[in-house]
Amino acid sequence: MKSNWITSVPLSSREESDLDIPGISGIIKRVLLNRGLSAKTDIENFLYPEINQFHSPFLLKGMEEAVARIRKAVENSENIAIFADSDLDGITSLTIINDLLVKLGIKPHIRYPREKEGYGLTVGIIDEFSELKVNLVITVDSGVRDVSEIEYAGKLGIDFIVTDHHEAEDVIPDAVVINPKQGDCSYPFRDLAGVGVAMKLAKGVMFSYLKEMDNLNHMIFKYDHSYYINRISRFHIEPSDKMTLHELTDYIKGLNSENDFAVFCSLTDDDVKKLTEVCTVNNSTFEDIFSNLFKCGDSRGDIFTIAREMGLRDVDCISGISIYSRVFLELQVRSRKSLMGKIDYYTSLAALGTVADIMPLKGENRLIVKHGLSVINKGQGHNGIMSILKNRAATTKSLGWDVAPLLNAPGRLGMTECTVDFFLNSTEENSEELIRELNRLNRQRRSIVTETIERIESETDCFSSNLKNLFYFYDDQIPEGVSGLVANRISDIIHKPVIILSNSCEENLLKGSGRSPDGLGFFNYVEPFSEMFERIGGHSQAFGFTLNSGTVDAVMERIDSSLNDVEIVKTYNIDSIIETSEIDVSLLNEIELLEPYGKDNPEPLFCSRNIQVQSFKRFGAKDNHGKYVLKNGFEVIGWNMADTMESRLNSGKSIDILYHLEKNIFRNYLTIRLNLVDID
Ligand SMILES: [Mn+2]
């Protein structure tokens, strides 16, 4: 297969010196600039994310109404149901909201699409809720498209809170809707997973019970003859105003609401005296608040020390008023151990759902995943998930490749209830047993995939294509939940785009999955025909659809002809071209700051030209892996690449390589390894 290397633009020395970030070399700066991060604060936020960079849940449209409705339901002991999508994003969301409601004293009804029910709400499910005398339904990772079903529920007197992250259609349900993708939602981050939105709702509800919830805090700080005011309400800091003492005095005089709270941050005793004389609302010095919260005698702790102890990163760079505001905000949460514990636990579940749903690991998702992984690794995550991982570290790889497929296996076999049971009922005692069952279903899922592929192989004479550019296959024996996995594997074998169709629960409609090898944005060639499908959605190399069974052949031919003359070219975006002499342990340590890797934040890809190879060796049971030892001692490992590596070396021409850098620890001895990706 052809490949195309796209090189980065080298940094000018000016750009490099503009970005003076301690502890970061030019190589990492180049990687970050290539990935679109250019402002110093963006880079710092990316490299050293802090817990208190989470946005306030109350910035989400609908949050206030949702929180009020849930609290009313709790006060009146109403019947609440949770409706979730049946994938991992949905079920982790379900786990969070269930846990929240149970903590508030309500045992909710749990519902998700069961075998053959397809996606989303149905009138039948609404009728079930009605029979159960449900007053309020909270949807998670779903609901935004179920407009008519929710309208029907409204007539039966059932209220809905919809939490979702799917793109809404023109008409949204008649319900309280929380979705960062709603057109008129001004939330600063759009790409939350369903479970990210569910976690926000849980936080909103928990925060609403704090006694400071309705306070409008006026943080007042003096610097260099001027006074600065930050306002904090609903766990959100608004940018500061600058004032003279005279203006500030008027401002303080003007405060008159019972929710106003003036906080004097490290002002002189003289200033505090003058201001409290004119202040008619609640007020306190920051130092008193701090010592009250922690019941410690020493009230005059250095704010910088406190901030550093809380893990605030850039305490020396940001303004005093920001430090006070951020510490104040953190104190409201951190002084409550059980609240902090719940937030950590929900974040660990959100990390799994976010990785499983393949959300971009940028912005708040990066915070969720980074923090959530650390919670699991500290042993404070979900019992069952920690048992699956046993002694392995939680990383995006272990969650995405080991945990997620295992927990998705039951759903593919129409047995989502096993996964739900795992999440809701795992204890230290029974988690081993639940995992044994998950493993059994996963093996069953694997053998169904293998058998299906073998059957297709024999029936189609080794996947010989019915069309020129595309392989597609349908028969009524393919289980619907595995068509994507089957398409994926066949596409790997034949290096062509593949579509696998199976029966659906709806009459005259087939369901299908399309997959293509890396290097072909298959969906781009299918999307122009989207009106020929009943439903279709997905991304560049993987999509799913339903299609009228009578039109299959015609549609496949149209797609096939649109693929004429399309070449599969694997494109590699090089993060940085470096000399192998620039590689050392400190570079590898810096690279680790870029983790966790995932969608939109891949492991950095390096290129070195004209490498000096000392020796070549094959290894592995089939001698299919290759190893170059470079003249400077580094090892270059090529999995399944021994043939190419050998012929490249024998050709006598200069060798350019693309690779990831990896620390390899063997018998407590650390070596640096170059993991080969491509060779030219
Ligand atoms: Mn989702």
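The values are calculated or read from the model by the stated rules, or taken from the named source; none is laboratory data. Nothing here was measured: the structure is a model prediction, and the numbers come from that model. Note: ideal-geometry Cβ built from the backbone for every residue, glycine included; neighbour counts use all protein chains shown.
Checking each residue in region 520-545 for being buried (at least 18 other Cβ atoms within 10 Å of the Cβ) and either among the β-branched types (Val, Ile, Thr) or on the phi > 0 side of the Ramachandran plot (or both) picks out 526, 536. Please specify each residue of region 222-236 satisfying the condition of being aromatic (Phe, Trp, Tyr) and part of a strand (DSSP E or B). Listed by number, the residues that qualify are 223, 227, 228. Checking each residue in region 389-399 for being assigned to a helix (DSSP H, G or I) and surrounded by fewer than 23 Cβ atoms within 10 Å (Cβ to Cβ) picks out 389, 396, 397, 398.
Only a single criterion out of (1) touching a helix residue (DSSP H, G or I) at 6+ places or on another chain (Cβ under 9 Å); (2) of a type in the set (A, V, I, L, M, F, W, C); (3) surrounded by fewer than 17 Cβ atoms within 10 Å (Cβ to Cβ) is not satisfied by residue 555, namely (3). Of the helices (runs of 4 or more DSSP H) contained entirely in region 280-368, those carrying at least 3 residues that are surrounded by 18 or more Cβ atoms within 10 Å (Cβ to Cβ) and either within 16 Å of the ligand (Cβ to nearest atom) or modelled with pLDDT of 85 or more (or both) fall at 320-334, 337-356.
The rows are residues; the columns are (1) of a type in the set (Gly, Ala, Ser); (2) over 19 Å from residue 65 (Cβ atoms); (3) within 16 Å of the ligand (Cβ to nearest atom); (4) crowded, with 19+ Cβ neighbours inside 10 Å.
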| position | (1), (2), (3), (4) |
| --- | --- |
| 161 | no, no, no, yes |
| 170 | no, yes, no, no |
| 173 | no, no, no, yes |
| 176 | no, no, no, yes |
| 179 | no, no, yes, yes |
| 182 | no, no, yes, yes |
| 185 | no, no, no, no |
| 193 | yes, yes, yes, yes |
| 201 | no, no, yes, yes |
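Does region 592-603 contain any residue that is in contact (Cβ under 8 Å) with a residue 40 or more places away in the chain and over 33 Å from the mean Cα position of the chain (by Cα)? No, region 592-603 contains no residue that is in contact (Cβ under 8 Å) with a residue 40 or more places away in the chain and over 33 Å from the mean Cα position of the chain (by Cα).
Residue 220 meets each of the listed conditions (1) closer than 25 Å to residue 332 by Cα; (2) within 16 Å of the ligand (Cβ to nearest atom); (3) among the β-branched types (Val, Ile, Thr) apart from (2). For region 599-642, the tally of residues that are surrounded by 12 or more Cβ atoms within 10 Å (Cβ to Cβ), of a type in the set (D, E, K, R) and out of contact with any strand residue (DSSP E or B) (no Cβ under 8 Å at 6 or more places or on another chain) stands at 2.
Listed by position, the strands (runs of 3 or more DSSP E) contained in region 466-571 that have at least 1 residues being touching a Ser or Thr at 6+ places or on another chain (Cβ under 8 Å), free of Cβ contacts under 8 Å to residues at least 24 places away in the same chain and over 23 Å from residue 453 (Cβ atoms) are 535-539. Reported count of residues in region 188-214, each being more than 29 Å from residue 258 (Cβ to Cβ) and not aliphatic (A, V, I, L, M), is 6. Residues of region 61-94 that are more than 16 Å from the ligand (Cβ to nearest atom), in a loop (DSSP other than H, G, I, E, B) and closer than 21 Å to residue 196 by Cβ: 61, 62. Only one of the listed residues (210, 201) is assigned to a loop (DSSP other than H, G, I, E, B) and of a type outside the set (D, E, K, R). That residue is 210.
You will find that of 252, 303, the residue that is without any contact (Cβ under 8 Å) to a residue 40 or more places away in the chain, over 13 Å from residue 325 (Cβ atoms) and among the hydrophobic types (A, V, I, L, M, F, W, C) is 252 and no other. Only a single item in (1) over 26 Å from the mean Cα position of the chain (by Cα); (2) surrounded by fewer than 18 Cβ atoms within 10 Å (Cβ to Cβ); (3) touching a residue at least 40 places away in the same chain (Cβ under 8 Å) is not met by residue 156, and it is number (3). Once region 237-262 is narrowed to residues that are at pLDDT below 95 and in a strand (DSSP E or B), the residue that is nearest to the chain's Cα centre (by Cα) is 237.
Report the residue count in region 102-147 for those that are more than 24 Å from the chain's Cα centre (by Cα) and either among the small types (Gly, Ala, Ser) or assigned to a helix (DSSP H, G or I) (or both). Number of matching residues: 14.
Exactly one residue out of 226, 148 is without any contact (Cβ under 8 Å) to a residue 60 or more places away in the chain, polar (S, T, N, Q) and touching a strand residue (DSSP E or B) at 6+ places or on another chain (Cβ under 6 Å): that is 226. Looking across region 409-430, the residues that are surrounded by fewer than 20 Cβ atoms within 10 Å (Cβ to Cβ) and assigned to a helix (DSSP H, G or I) come down to 417, 418, 421, 424, 425. Could we say that residue 152 is more than 16 Å from the ligand (Cβ to nearest atom), touching a helix residue (DSSP H, G or I) at 6+ places or on another chain (Cβ under 9 Å) and either under 25 Å from residue 209 (Cβ atoms) or in a strand (DSSP E or B) (or both) here? When the stated conditions are applied, residue 152 does not pass them. When each of 208, 130 is tested for being away from the ligand (no atom under 16 Å from the Cβ), farther than 23 Å from residue 419 by Cα and either surrounded by fewer than 16 Cβ atoms within 10 Å (Cβ to Cβ) or free of Cβ contacts under 8 Å to residues at least 12 places away in the same chain (or both), the lone residue that passes is 130.
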